[in-house]
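Every read-out reported here was derived from the displayed coordinates using simple, explicitly stated rules and does not represent laboratory data. Remember, predicted model here, so these are calculated numbers, not experimental data. Because the Cβ atoms are built from the backbone with ideal geometry, glycine has one as well, and the counts that use them run over all protein chains shown.
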Amino acid sequence: MDGERARIADTLAWSVEIAQYVEGVTGSPVSVWSSTYGQMGEIGFISVVPDMAALDANQAKINADAGYIGRLGQSAGLWLDGSGHVARYTRIA
């Protein structure tokens, strides 16, 4: 496996680990997604919560969790600088 593919594998493994960790801390399901079309190697995380109050509570829990903060440090070198973004989606129907 060449270096680039190894980093993709490392990134996917870290993504699954952090998603499981966040799910354990917040109690809300977190799934990891990988793009099929478009930008190669794009990874997304989706968590579904019943309302904005639950989202705010989850963010407060995870941002105060030392284990989460430490795990973020383990992702150094896995991502392209400036490639991340955050989005919130609301279910319409």
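For the options GLY73, GLY38, GLY27, a Gaussian network treatment of the chain with springs between C-alpha atoms closer than 10 Å singles out GLY38 as fluctuating the most. Within the range 14-64, the chymotrypsin sites (Phe, Trp or Tyr not before Pro) that combine a DSSP coil assignment with at most 10 other C-beta atoms in a 10 angstrom radius are TYR37.
Working from Cα pairs under 8 Å separated by at least six residues, relative contact order for the range 3-73 is 26 percent. For the range 9-93, the set of trypsin sites (Lys or Arg not before Pro) satisfying both a DSSP loop assignment and a count of at most 14 other C-beta atoms within 10 Å is given as ARG88, ARG91.
Could you tell me which label, among [x] 2, 11, 20, 24, 20, 13, 7, 2, 1; [y] 2, 10, 17, 16, 10, 10, 11, 9, 8, 5, 1, 0; [z] 3, 14, 26, 28, 19, 8, 2, 0, carries the value of P(r) over Cα pairs in 5 Å bins from 0, in percent calculated for this structure? Of the listed options [x] 2, 11, 20, 24, 20, 13, 7, 2, 1; [y] 2, 10, 17, 16, 10, 10, 11, 9, 8, 5, 1, 0; [z] 3, 14, 26, 28, 19, 8, 2, 0, [x] comes from this structure.
For the options LEU55, LEU80, LEU12, a Gaussian network treatment of the chain with springs between C-alpha atoms closer than 10 Å singles out LEU80 as fluctuating the most. Counting only Cβ charges, +1 for Lys and Arg and -1 for Asp and Glu, the dipole size of the range 3-73 around its Cα centre is about 140 debye.
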